[in-house]
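Here's the structure, in structure tokens; my notes come after.
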Amino acid sequence: MKKLWKKISLVMMLMFTLMTFAPYTARAGASPTASTPSLNQGSDGNYTVSSVDDLNKLRGDIDKGIDYLGKKVVLTQDIDISKSNVPLKSLTSHNKSFDGTFDGKFHTISGYTDAASGLFGIVWKDGIVENVKVDANVDIKDRSKIILDDNDDVFYGVIANECCGTITHCCSTGSIEVDAGRFSTLAGIVGNSACSDDNWNLINGYTDNCCSNVTFDTKSSFLPNIAGICVTPGSEIKNCYFYGKFLENEKKVSRQPIDTSSETDVTTCAYDSDILGFSSTSFMGKPVGYTTAQMKDKDSYTKLGFDFDKTWKIDSSVNDGYPYLNPDSSTKIAAKVVVDVQATAKDRIFVPGTEPFKTTDDCLKAEATFKVIPESDKDKDLISKYNVSATCDGGVFFNAPTIGNVP
């Protein structure tokens, strides 16, 4: 009788997704350098903002050109700028942008009065601003203090002046009053969702699942464009709604509830026609106008594709009955981890012509145990925490069996 013994060691490059908010652990409290953010890091490696002073540090980093690409900044609590002993500093450079991820964790920044720019000046193509609400009371009177673009134009949005990255799950409330002469655009979320690179190539941004309840009051004699969500829409505006209003003389301004481009389809977006004062089928992008009662009806939004399972919630006692963003729906980060998968099969004995085995193929059918081994020690905790395991569908095949004792 001959014994067939085989220990299988399968080394595979297995790419799998761990759904987690903190995929890596980094050293906290590193001393800032010319290329290192000045914000503190948490134990999860993310940079944190918890005060006006931290907002100033972030803005200072942006003005210095410090690279946040691949880094995440987390807002850890609500911030009321009006109650802070430290004033909020304005961004100063138009040519410096934010290219990391800013996650507001559904907190609110209130008392926002910065007339130079929205919360961000420019969000670059890899940048993401998500899950934050800004309550603003902005009075723009001095055009010289506003951040201008390369063409000496003004784009102002409460979340960002310009964005060729992504703005998602953000809301704005409050008011913007302008009496500052020549002024290009005003918007509740982002002024211009497109940027030009050094070669003047246009890069479009993306905006989705945002809402705005901003009151716009324009006294300037110039003819600015005003939009409830975004003046220049970029690649797409999806599942957003506007329930603010315009107070300025309509003869002086092009005002639109969602965006001002005829080339962008915003039929998945809605506006409150009662608050706006009228409804029109000629609005750019053809957004859907609803009465206030309809705006507080979940069915009105599900028809447009709004996701009330994960992204939105609606409750008559919250947000005056209008939909609000679901704080339990934070976008999770997919971490790709390279691992080895080791499989060990049980010993099998094959005696030709005996039962129950009739063929060599039958002999090779054996149970096996699998072990996931990360290449990096830092991923071991993630493997354990999220109970990552490997399974085999039985597709392992040997071209020829090994006969005899295999050490």
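Odds and ends about this structure:
- Annotation: amide H of TRP312 within the under-5 Å range of ASP307, ASN326, sequence separation 5 or more or interchain, hydrogens built in the peptide plane.
- Scanning residues 5 or more positions from LYS238 or on other chains, those with amide H under 5 Å from its amide H are THR207, ASP208, ASN209, with H placed 1.01 Å from N in the peptide plane.
- Peptides 113-126, 74-87 ranked from most to least packed give 113-126, 74-87, packing being the mean of other C-beta atoms within 10 angstrom over each peptide's residues.
- Of the peptides 127-137, 275-285, the ranking by mean beta-carbon count within 10 Å, highest at the top, reads 127-137, 275-285.
- For LYS105, nonlocal amide neighbours, meaning residues 5 or more places apart or on other chains whose placed amide H falls under 5 Å from its own, are LEU75.
- Relative packing of peptides 257-265, 312-320 - highest average C-beta neighbours within 10 Å first: 257-265, 312-320
- Residues ASP309 and ASP340, FRET efficiency given R0 of 30 Å [Cβ-Cβ distance, rounded to 0.05]: 0.20
Laboratory data are not the source of any read-out in this text; all were calculated from the coordinates shown. Since this is a predicted model, take the numbers as computed values, not measurements. Note that each Cβ is placed from the backbone with ideal geometry, even for glycine, and that neighbours are counted across all protein chains shown.
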